[in-house]
Amino acid sequence: MDLVVLAAGMGSRFGGLKQVEPIDEEGNFILNYSIYDAVKAGFDRVVLIIKEENLELFKERVGKRLEKVVPVCYAFQKITDVPKGFEVKDRVKPWGTAHALYCARHVVGDRFAVINADDFYGYESFKIIADFLKTSKDNEFISAGYYVKNTITDKGAVKRGIFTVKDGKAVKLIESQVEKRDGEIVATPLGQDIWEKVSPNTLVSMTMFGFSKKLMTRIEEDFYKFFQKPADELEKGEFLLPDEVNVMMQSGEITLYVQTTPAKWYGITYKEELEGFKQAISDMKKQGKYPIKLY
């Protein structure tokens, strides 16, 4: 099973970006901890989706450590990687998370998980995804469902996919802006201003999914359709993974299972969170959740 890591958002100077600040004395990044947990849970290959110009930097600062415990391969998210017969005009950045997977279509195996490079998920969540994929059918996907109260920060708003779940299956997945206000949690769909109170135990997506190759087939089909849009829409539009999953779910093409994880999310959405995160990692090592020397 592959662990696919969305890492093309990392810049060429790792130390200059808060998302890839070292979080322990050994200089490990968040993704080093994610991969440690994933291998422990049963994943046996890592696919890093990166910018091609960062390849040597990744090999030096990430790959050397990881290759001691798991095979690592690389895929490049390129703005020029588009369906045959189309060309790119007036576009500076790639088209988002579903485009990143499109760029890895020739690399990814039959069963795989997808995570963000700059989110800390916890071992329990990787175990949930790995165990499901070992016996799942092609039309069965899974997401770890985090309690929204475990995924927010006091520093400001964050993006989360809010689930509507019935009998352990997702009915709807809406990408939203979520934040704390006056001791309560409120959310609005992205691009709208319809803020509503949500329960602290509402389940949300942290872009931690388990898929079959069926997703890749759909992404290839839909990206071709995406490129048939008017030029002005292509210039600003995004091709996003949660949207693709939601479309497949609504059409009945797949069933998306949501399994609750008790894990607490950590990230560095805001720079002020870095020191608290480092302390949390240090505490986990003292508790024996991670070895003092990770690799």
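Miscellaneous remarks
- Answer from Ala98, Ala144 - the residue that is touching a strand residue (DSSP E or B) at 6+ places or on another chain (Cβ under 7 Å) and surrounded by 18 or more Cβ atoms within 10 Å (Cβ to Cβ): Ala144
So that you can scan it fast, the table gives a plain yes or no per residue for (1) in contact with a His (Cβ under 8 Å, 6 or more places away or on another chain); (2) of a type outside the set (Ser, Thr, Tyr); (3) farther than 25 Å from Tyr36 by Cβ; (4) at pLDDT 95 or above:
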site	(1), (2), (3), (4)
Arg111	no, yes, no, yes
Ile115	no, yes, no, yes
Phe141	no, yes, no, yes
Lys169	no, yes, yes, yes
Ile174	no, yes, yes, no
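- Boolean, Glu124 is assigned to a strand (DSSP E or B) and among the acidic types (Asp, Glu): no
- Any hit, region 142-165, residues being out of contact with any Asp or Glu (no Cβ under 6 Å at 6 or more places or on another chain), at positive phi and either free of Cβ contacts under 8 Å to residues at least 24 places away in the same chain or not in a strand (DSSP E or B) (or both): no
- Selection within region 77-106 - over 21 Å from the mean Cα position of the chain (by Cα) and modelled with pLDDT of 95 or more: none
- Filter result (closer than 24 Å to Thr217 by Cα, in contact with a Lys or Arg (Cβ under 7 Å, 6 or more places away or on another chain) and not hydrophobic (A, V, I, L, M, F, W, C)) within region 110-135: Asp110
- Residue count, region 167-219 (criterion: part of a strand (DSSP E or B), within 19 Å of Ser125 (Cβ to Cβ), out of contact with any Gly (no Cβ under 8 Å at 6 or more places or on another chain) and not small (Gly, Ala, Ser)): 4
- Per-region count, region 61-75, residues without any contact (Cβ under 8 Å) to a residue 40 or more places away in the chain and either assigned to a loop (DSSP other than H, G, I, E, B) or touching a Lys or Arg at 6+ places or on another chain (Cβ under 9 Å) (or both): 7
- Filtering region 234-245 for residues that are part of a helix (DSSP H, G or I), without any contact (Cβ under 8 Å) to a residue 40 or more places away in the chain and either farther than 25 Å from Val171 by Cβ or touching a helix residue (DSSP H, G or I) at 6+ places or on another chain (Cβ under 9 Å) (or both) leaves a non-empty set.
- Looking only at region 176-203, and only at residues there that are surrounded by 11 or more Cβ atoms within 10 Å (Cβ to Cβ) and among the aliphatic types (A, V, I, L, M), the one that is modelled with the lowest pLDDT: Leu190
- Filter result for Asp131 (out of contact with any strand residue (DSSP E or B) (no Cβ under 6 Å at 6 or more places or on another chain), among the acidic types (Asp, Glu) and in contact (Cβ under 8 Å) with a residue 60 or more places away in the chain): yes
- Candidates are the residues of region 11-34 that are part of a helix (DSSP H, G or I) and buried (at least 16 other Cβ atoms within 10 Å of the Cβ); the one that is modelled with the lowest pLDDT is Phe14.
The values are calculated or read from the model by the stated rules, or taken from the named source; none is laboratory data. What you see is a predicted model, and the numbers here were worked out from it, not measured in a lab. Positions of Cβ are generated from backbone atoms using ideal geometry, with glycine treated the same way; all protein chains shown enter the neighbour counts.
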